[in-house]
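Undergrad: One structure follows; several queries about it will come next.
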Amino acid sequence: MEASFLAVSTIWLLMIIAATTATYDAEINNRRNLLANGLGSKPPMGWNSWNHFSCMIDEKMIRETADALVSTGLAKLGYEYVNIDDCWAEISRDEKGYLVPKKSTFPSGMKALADYVHRKGLKLGIYSDAGYFTCSKQMPGSLGHEEQDAKTFASWGIDYLKYDNCNNGGSKPLVRYPVMTQALMNAGRPIFFSLCEWGDMHPATWGYKIGNSWRTTNDISDNWDSMVSRADQNEVYAEYARPGGWNDPDMLEIGNGGMTKDEYIVHFSLWAISKAPLLIGCDVRNTTKDIMDIIANKEAIAINQDKLGIQAKKVRMEGDWEVWAGPLSKYRVAVVILNRGAWRTAITAHWDDVGIPVGSTVVARDVWEHKTLKTRFVGNLTATIDPHACKLYVLKPVS
């Protein structure tokens with residue numbers, strides 16, 4: 001009797017374990033397949049309103065920005081998204097629960113604005129929050145309204161959603177974010193889904209299942225320490241980036257005035273080699289030649305958009321001297337040699353660090369000087385770097 005009871009108990013236990021395992025596997029598979037929008041094969045490129053304008057936005061400025069992306073040639077280089085950040089909606093939903101564009105700043109509505117941007121050959125992005133209110137607390141979030149808001153965004157012709165993480169009542173991101181993913185998949189329009197979770201719960205480890213990009217850091221500021229620290233935090237998760245889903249160390253500050261030209265070149269170089277989204281954060285209607293030369297560098301953009309989609313990593317660190325490297329298509333390697341210190345110094349990139357076979361002879365292309373160096377390098381390459389500056393090379397073995 002006792003043996004029979006134990007046998008039955010064991011069978012029931014095994015059945016429970018099998019059922020639990022099957023349920024768990026099904027949940028994982030569902031999450032793995034939750035996002036299937038076909039977007040994000042390369043890191044997104046475009047512009048976002050927040051870093052320069054904060055809440056001071058209106059439809060006239062958005063239209064002028066779309067115009068400027070075209071007239072400056074940035075659109076032809078791949079900067080296609082015109083992304084409206086926080087503060088675009090009224091503080092209250094309408095009587096049916098719909099988000100309402102702010103009448104004082106977006107009187108024509110989002111559908112008309114999307115149509116205008118689309119006629120320029122560009123795409124329109126918008127902002128919401130996985131909470132009850134957005135981070136500014138000046139408009140409602142989408143928590144509890146995911147299906148309604150996703151369908152609304154699709155009906156307006158929205159192409160990109162930045163989804164923030166404020167005022168959420170303390171619920172977990174892994175509970176809230178997949179709800180919007182599913183809502184977007186049901187909305188009938190492909191919408192790039194950018195998870196702005198700030199890296200709190202390591203979204204790089206789960207973001208690929210539910211988003212096209214995920215923030216790995218808190219908000220960036222327009223200064224050197226903030227910028228390089230975001231690059232550092234993002235680099236830790238390099239192995240999780242791939243076509244369809246990208247690590248996001250936050251938007252570009254280039255052109256907002258808080259850093260030197262050399263520091264902005266470092267900023268763009270690290271974002272390019274890290275396969276980060278390239279979302280311009282300055283006023284592209286009024287910018288300088290120096291800034292345009294940085295954000296419009298075709299060779300740096302090509303590194304970011306390389307079809308392999310492999311994020312670079314730090315391969316050598318010696319105090320304030322660093323070498324970052326990552327493979328590119330056609331058997332090439334992108335390398336950043338970075339001086340984070342206060343003194344001009346010589347820094348060496350070694351072949352065995354950057355992933356080039358030892359003994360190879362290498363041709364080096366200087367991406368910021370736009371020239372191929374005459375010297376053929378064997379074993380390593382040494383460059384003398386100014387303080388808070390870098391060199392960005394594309395290396396190709398020739399023998």
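The values are calculated or read from the model by the stated rules, or taken from the named source; none is laboratory data. Computed from a prediction, not measured in an experiment: that's the story for all the values here. Glycine also receives a Cβ, built like all others from the backbone with ideal geometry; neighbour counts cover every protein chain displayed. Accessible surface is based on the protein model in full, side chains and every heavy atom, while ligands, DNA and RNA are left aside. Shrake-Rupley method; radii C 1.70, N 1.55, O 1.52, S 1.80 Å.
Undergrad: Cα gyration tensor of region 134-218, axes a ≥ b ≥ c as square roots of the eigenvalues: rounded (a/c below 1.5), prolate (a/b > b/c) or oblate?
TA: Note, shape of region 134-218 comes out oblate.
Undergrad: Taking a 1.4 Å probe, which of Tyr81, Tyr237 shows the most accessible area, and what order do the others take after it?
TA: Tyr237, Tyr81
Undergrad: Let me ask something else about it. Where a ≥ b ≥ c are the square roots of the eigenvalues of the C-alpha gyration tensor, would you call region 201-272 rounded, which needs a/c under 1.5, or, failing that, prolate if a/b is larger than b/c, or oblate? Show your work: numbers first, answer last.
TA: Numbers: a/c = 2.43, a/b = 2.20, b/c = 1.11.
Taking the square roots of the gyration eigenvalues as a ≥ b ≥ c, region 201-272 is prolate.
Undergrad: With each run of n ≥ 4 DSSP H residues scored as -39500 (n - 2.57), what mean residue ellipticity at 222 nm is computed for the chain after dividing by its residue count and rounding to the nearest 500 deg cm²/dmol?
TA: Taking each H run of at least 4 residues, the total per residue is -9500 deg cm²/dmol.
Undergrad: Which whole-number value in Å² is the accessible area per residue of the chain, probe 1.4 Å? Mind showing how you got there, number by number?
TA: On the way: 17340 Å² over 399 residues.
For the chain, the solvent-accessible area averages 43 Å² per residue.
Undergrad: Which percentage, to the nearest 5, of the DSSP beta bridges contained in the chain is antiparallel?
TA: 60
Undergrad: Now a separate question. Ser229 versus Asp293, label points 7 Å from Cα toward the beta carbon: distance in nm?
TA: 3.1
Undergrad: Still on this structure: May I ask you to list the residues of region 108-152 whose amide nitrogen lies under 12 Å from a point 7 Å from Cα along the Cα→beta-carbon direction of Cys55?
TA: What the label zone holds, given the 12 Å backbone N cut-off, is 134-140.
Undergrad: Would you mind computing, in nm to one decimal, how far apart the modelled labels at Glu64 and Leu308 are, each placed 7 Å from Cα along Cα→Cβ?
TA: Once both label points are built, they end up 4.3 nm from each other.
Undergrad: Students often get this wrong, so check it: of Lys111/Lys172; Lys289/Lys314; Lys76/Lys298; Lys60/Lys275, which have C-alpha atoms separated by over 21 Å?
TA: Lys111/Lys172; Lys289/Lys314; Lys60/Lys275
Undergrad: Now for a different question. Only four residue types carry charge here, +1 at the Cβ of Lys and Arg and -1 at the Cβ of Asp and Glu. Report the dipole size of the chain about the Cα centre in Debye, rounded to the nearest 20.
TA: 1300
Undergrad: Moving on to the next point. In region 245-334, which GluC sites (Glu not before Pro) fall in coil by DSSP and have 11 or fewer other Cβ atoms within 10 Å?
TA: Filter output for region 245-334: empty list.
Undergrad: Counting only Cα, what are the radius of gyration and maximum Cα-Cα distance Dmax of region 65-125, in Å?
TA: Rg then Dmax for region 65-125, in Å: 13.6, 43.
Undergrad: Tell me which residues come under 5 Å, amide H to amide H, from Met259 once H is placed; ignore anything under 5 positions away on its chain.
TA: Amide H neighbours of Met259, under 5 Å, 5+ apart: none.
Undergrad: So how much accessible area does Met201 have, in Å² to the nearest 10, using a 1.4 Å probe?
TA: For Met201, solvent-accessible area is about 110 Å².
Undergrad: Tally up the carbon and sulfur contribution to the accessible surface of region 252-399 as a whole percent, 1.4 Å probe, everything protein left in place.
TA: Answer for region 252-399: carbon and sulfur cover 53 percent of the accessible area.
Undergrad: Measuring from centroid to centroid over Cα atoms, what is the spacing of region 296-359 and region 131-206 in Å?
TA: A separation of 34 Å, based on Cα centres.
Undergrad: What figure in square angstrom, to the nearest 10, would you give for the accessible area of His145 with a 1.4 Å probe?
TA: Accessible area of His145: about 60 Å².
Undergrad: How many angstrom separate the Cα center of region 234-286 from the Cα center of region 375-389?
TA: That distance is 23 Å.
Undergrad: Kindly point out which whole DSSP H helices in the chain project their C-alpha atoms 30 angstrom or further along the helix axis while averaging a Kyte-Doolittle hydropathy of -0.5 or above.
TA: Helices meeting the span and hydropathy rule in the chain are 2-32.
Undergrad: Quick one: what do you get for region 291-399 if you divide its Cα Rg by 2.2 N^0.38 Å?
TA: Working it through for region 291-399, the quotient is 1.02.
Undergrad: Continuing with this model, one more query. Give me a comma-separated list of calculated 3J(HN,Hα) values for region 383-391, in order, Karplus coefficients 6.51, -1.76, 1.60 applied at θ = phi - 60°, integers in Hz, x for any Gly or Pro.
TA: With coefficients 6.51, -1.76 and 1.60, one gets 10, 9, 10, 5, x, 6, 9, 8, 10 Hz.
Undergrad: Something else: Set the Förster distance to 56 Å, then compute FRET efficiency between Thr372 and Glu95 from the Cβ-Cβ distance, nearest 0.05.
TA: Computed FRET efficiency for Thr372 and Glu95: 0.30.
Undergrad: Excluding ligands and nucleic acids, what accessible area in Å² is computed for Lys162 using a 1.4 Å probe, to the nearest 10?
TA: Counting only protein heavy atoms, the figure is 20 Å².
Undergrad: Rounded, prolate or oblate for region 205-338? Axes are the square roots of the Cα gyration tensor eigenvalues, ordered a ≥ b ≥ c, and the cut-off for rounded is a/c under 1.5.
TA: The shape class here is rounded.
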